[in-house]
Amino acid sequence: MKFLMEHESKEILERYGIKTARCIFVEDEDEALRAARSIGFPVVLKVASRKIYHKSEVGGVLLDLRSEEEVRDAFRRLMEIDGAEGVNVQPMLRRGIEVIVGVAEDEQFGSFVMFGLGGIFVEAIGDVSFRLLPIERRDAEEMVREVRGSRILFGHRGIGADVGSLVELLLRVGDIAERESVVEMDLNPVFAYEDGCVVADARIVVGERRKFEYQLPDLKKYFYPRNVAVIGASRTIGKPGFNIVWNLKQHGFSGKIFPVNPNAERILDLKCYRSVKDIPCEVDLAIIAVPAKLVPSVMEDCAKKGVKGVIIVSSGFSEEGETGAKYEREVIKIAKSNNIRIFGPNTTGVLNTDNNLISSFALLPTIKKGNIGIIAQTGLFLGILMGMIATNHPSLGFSKVVGLGNKIDIDDFEILNFLIQDEKTKVIGMYIEGIRNGRAFYEVAGRSRKPIIVFKSGRTEFGKKAAISHTASMCGQDQIFNAMCKQANLIRVFSFEEMLNVARALSLQPLPKGNRVAIVHYTGSGCVQGADAAYLSELELADLDDSTIRKIRSVTPEWHQINNPIDIWPMVEYYGVYKSYDTVIESLINDKTVDSLVIALWASRISDMTYQPDFKKFKKSEKPIYFVIEGFRDRVFELKNEYEANGFPVYPDIITAIKTLGYVTNYSLKKERH
């Protein structure tokens, strides 16, 4: 890497049309005086050195020098600093709003750009935003709006900045990084004025930028094998080798099942084979469930047999220490030498409801066929969690579920690319613990027209890279991941429950065309909670059309006001459950000022007191309708399943429903802009 001094950095910026406080590099007092005279007093003197990264920390910046004597004294003081190679003389800029712009590299995602308010804002509270490079205009505009102090930039109490010039600055900085092989850059401070912006200080490091190479092979054959060998099949109920065979048979896998166990003749009425090599036909997919120390020899057998896809459910690899890591290295070496692709190890593997392929060693109930695809770096999803989903959300359907485990071979972005192309998948959910090739993931995800919901753990683990720039030191790994999600329009959630909530909404209902929501609740408290949740979810309460209010008035006591959110209880008291809800919902569906509806109702054990709509009629609506059902647990469960079986997601409370709608609406509006 090559560290450019300030005057060299500013020369590059000026070439790209970025206005700077141009500085003159000098090496003796007389040169400093001539430079100061040519610039005009007052001036600023700064130490120049390739070894000094933060000039202010060593007293290397002297401001507002107004005489030749002050310039001489300043020059001498600066040259006494250890590592000084000279001094830069530049004009003293008028004060403006301080901002910081920078470029650095992330190990997983590569080059990124940072923007923030400077001074105390960046140092004390880290008021910054990030995007991966390259960026487009909309990315730059979003970066400026995202910082918490953006109101200052857009104008507050007579103070403001030329926001357009800051957007242009970000775009040109991105261009420089791409064209000039910049690995780190700090423009700090940049003074933003009402009529433009000027870079006061700059430092640039050039060098070889990170490269991210990847391929996107077709993985379909591993999800649609003609047959499966279960190596390590067992006769003992509860052992992984038994459970896997049981799942395949019980769930009705459409292909042939070949249990492999040298000590058994039959398992679950299926003929056993001593070795995968003894199976009398080509084997498309092998599920390996033997102790980790035996897996390398099993992989050798698979290679000799010509198997090209394996799912290693066994644990005891790198997640357990160096001995396991050694087994892992042996396995991947065999796989690479024989063109074998690996899911895992330490995984529950694959579920495909299209052909009932299932490799999980957890005994699972019937999984409904549907349009939600899941990628998870945990065995939890195709194990306990899938059992919980199947029993608590029986109307929720899945297309494919893939557990990646240690992902020594097949990676997130490869499965993501497969699901994006999979015609059976409409919505994709992902649980991620770590990413190896973040740039590949970003590029694949960014091309998707299907919604991708991401739940990533490890949010508080910050990168420990020693950095020479404020930009790199201000960045934590989660901040870059979050920026990537925004840039690729991924829906980032923060729990499995949120992932399922959003997946249900996207799976069952159309996308909203705007952010105006109508809320109906049977309590005043629910209306207030819904209004607060809408504001916090960046939704607008629809300003209902006069014709809508007139229709609703027909089922409203004259003393009751009609607002949005709509408190429906007084209407129910006077006109009954069905007439009130039907009239209100139909009116809102037909109101052009409403983009989406959230309807809350209660579950009574008295059937006439519980609203059950004409689902066929409401399905004709192009607007999303989410329901909230509260009340007796058994009745809520019954109604929830009925509503969702008919295509309408149900949530336990108004806040959850509105928050889910907020996620979906933000995705939908951004998708249209893209």
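The values are calculated or read from the model by the stated rules, or taken from the named source; none is laboratory data. Model, not experiment: these values are computed from the prediction. A quick note on method: Cβ atoms are made from the backbone with ideal geometry, for glycine too, and the neighbour counts reach across all protein chains shown. Only protein heavy atoms, including side chains, enter the accessible area calculation; ligands, DNA and RNA are left aside. Shrake-Rupley method; radii C 1.70, N 1.55, O 1.52, S 1.80 Å.
Per-structure values
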| quantity | calculated |
| --- | --- |
| Residue selected from the stretch 341-350 under the condition not aliphatic (A, V, I, L, M) and not in a loop (DSSP other than H, G, I, E, B), by the criterion surrounded by the most Cβ atoms within 10 Å (Cβ to Cβ) | Phe343 |
| Residue list for the stretch 5-39, filter: small (Gly, Ala, Ser) and either part of a helix (DSSP H, G or I) or closer than 20 Å to Arg77 by Cα (or both) | Ser9, Ala32, Ala35, Ala36, Ser38 |
| Hits in the stretch 80-96 - residues which are open to solvent by 20 Å² or more (accessible area, probe 1.4 Å) and within 23 Å of Glu168 (Cβ to Cβ) | Pro91, Leu93, Arg94, Arg95, Gly96 |
| Residue that is nearest to Val502 (Cα to Cα) [pool: residues in the stretch 373-408 that are polar (S, T, N, Q) and crowded, with 22+ Cβ neighbours inside 10 Å] | Ser399 |
| Within the stretch 299-313, considering residues that are in a helix (DSSP H, G or I) and either of a type in the set (Gly, Ala, Ser) or open to solvent by 10 Å² or more (accessible area, probe 1.4 Å) (or both), the one nearest to Gly241 (Cα to Cα) | Asp301 |
| Subset tally (residues that are in a loop (DSSP other than H, G, I, E, B) and under 38 Å from the mean Cα position of the chain (by Cα)) for the stretch 560-581 | 4 |
| Residue in the stretch 582-603 that is aliphatic (A, V, I, L, M), part of a helix (DSSP H, G or I) and more than 29 Å from Asn515 (Cβ to Cβ) present | no |
| Failed item, numbered, when Arg148 is tested on (1) closer than 24 Å to Phe212 by Cα; (2) free of Cβ contacts under 8 Å to residues at least 40 places away in the same chain; (3) not in a helix (DSSP H, G or I) | (1) |
| Every residue from the stretch 320-337 that is open to solvent by less than 60 Å² (accessible area, probe 1.4 Å), closer than 26 Å to Gly383 by Cα and in a helix (DSSP H, G or I) | Gly324, Ala325, Tyr327, Glu328, Val331, Ile332 |
| The stretch 105-157 - residue that is over 14 Å from Met185 (Cβ atoms) and of a type in the set (Phe, Trp, Tyr) and, of those, least open to solvent (accessible area, probe 1.4 Å) | Phe109 |
| Breaking point among (1) under 27 Å from Val493 (Cβ atoms); (2) exposed (fewer than 15 other Cβ atoms within 10 Å of the Cβ); (3) touching a residue at least 12 places away in the same chain (Cβ under 8 Å), for Ala505 | (2) |
| Some residue of the stretch 619-639 being closer than 25 Å to Thr556 by Cβ, part of a helix (DSSP H, G or I) and not basic (Lys, Arg) | no |
| Residue tally, condition aromatic (Phe, Trp, Tyr), surrounded by 21 or more Cβ atoms within 10 Å (Cβ to Cβ) and not in a helix (DSSP H, G or I), over the stretch 40-79 | 0 |
| Val230 among the hydrophobic types (A, V, I, L, M, F, W, C), touching a strand residue (DSSP E or B) at 6+ places or on another chain (Cβ under 6 Å), touching a residue at least 24 places away in the same chain (Cβ under 8 Å) and within 28 Å of Tyr53 (Cβ to Cβ) | no |
| Candidate set: the stretch 614-629, residues that are open to solvent by 10 Å² or more (accessible area, probe 1.4 Å) and either in contact with a helix residue (DSSP H, G or I) (Cβ under 7 Å, 6 or more places away or on another chain) or hydrophobic (A, V, I, L, M, F, W, C) (or both); chosen: the one modelled with the highest pLDDT | Lys623 |
| Qualifying residue in the stretch 189-206 (condition: among the aliphatic types (A, V, I, L, M), in a helix (DSSP H, G or I) and touching a residue at least 24 places away in the same chain (Cβ under 8 Å)) | no |
| Any hit, the stretch 169-179, residues being part of a helix (DSSP H, G or I), of a type outside the set (A, V, I, L, M), in contact (Cβ under 8 Å) with a residue 40 or more places away in the chain and more than 20 Å from Tyr442 (Cα to Cα) | yes |
| Residue satisfying all of: in the stretch 432-483; part of a loop (DSSP other than H, G, I, E, B) and surrounded by 22 or more Cβ atoms within 10 Å (Cβ to Cβ); modelled with the highest pLDDT among these | Pro451 |
| Pair list, Cβ under 9 Å, 6 or more apart: the stretch 212-223 residue over 30 Å from Glu105 (Cβ atoms) and among the basic types (Lys, Arg), other residue assigned to a loop (DSSP other than H, G, I, E, B) and open to solvent by 50 Å² or more (accessible area, probe 1.4 Å) | Lys221/Lys308 |
| Residue that is nearest to His7 (Cα to Cα), among those in the stretch 158-177 that are in contact with a strand residue (DSSP E or B) (Cβ under 8 Å, 6 or more places away or on another chain) and open to solvent by 30 Å² or more (accessible area, probe 1.4 Å) | Asp162 |
| Subset of the stretch 7-36 (residues that are among the β-branched types (Val, Ile, Thr) and touching a Pro at 6+ places or on another chain (Cβ under 9 Å)) | none |
| Considering residues of the stretch 515-559 that are out of contact with any Cys (no Cβ under 6 Å at 6 or more places or on another chain), open to solvent by less than 20 Å² (accessible area, probe 1.4 Å) and assigned to a strand (DSSP E or B) only, the residue farthest from Thr665 (Cα to Cα) | Val520 |
| Among (1) touching a residue at least 40 places away in the same chain (Cβ under 8 Å); (2) in contact with a helix residue (DSSP H, G or I) (Cβ under 7 Å, 6 or more places away or on another chain); (3) not aliphatic (A, V, I, L, M), the one test that Asn641 misses | (2) |
| Restricting the stretch 245-290 to residues that are in a helix (DSSP H, G or I) and of a type in the set (A, V, I, L, M), the residue that is nearest to the chain's Cα centre (by Cα) | Leu248 |
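Okay, residues lined up against (1) at pLDDT 95 or above; (2) open to solvent by 10 Å² or more (accessible area, probe 1.4 Å); (3) in contact with a Lys or Arg (Cβ under 9 Å, 6 or more places away or on another chain); (4) under 19 Å from Gly232 (Cα atoms):
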{"residue": "Pro291", "(1), (2), (3), (4)": "yes, yes, no, yes"}
{"residue": "Asn339", "(1), (2), (3), (4)": "yes, yes, yes, no"}
{"residue": "Asn352", "(1), (2), (3), (4)": "yes, no, yes, no"}
{"residue": "Ile358", "(1), (2), (3), (4)": "yes, no, no, yes"}
{"residue": "Ile367", "(1), (2), (3), (4)": "no, yes, no, no"}
{"residue": "Asn371", "(1), (2), (3), (4)": "yes, yes, yes, no"}
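Conditions tested, residue by residue: (1) in a loop (DSSP other than H, G, I, E, B); (2) in contact with a Pro (Cβ under 8 Å, 6 or more places away or on another chain).
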residue: Leu382; (1), (2): no, no
residue: Met386; (1), (2): no, no
residue: Ala390; (1), (2): no, yes
residue: Val401; (1), (2): no, no
residue: Gly405; (1), (2): yes, yes
residue: Ile408; (1), (2): yes, yes
residue: Ile415; (1), (2): no, no
residue: Leu419; (1), (2): no, no
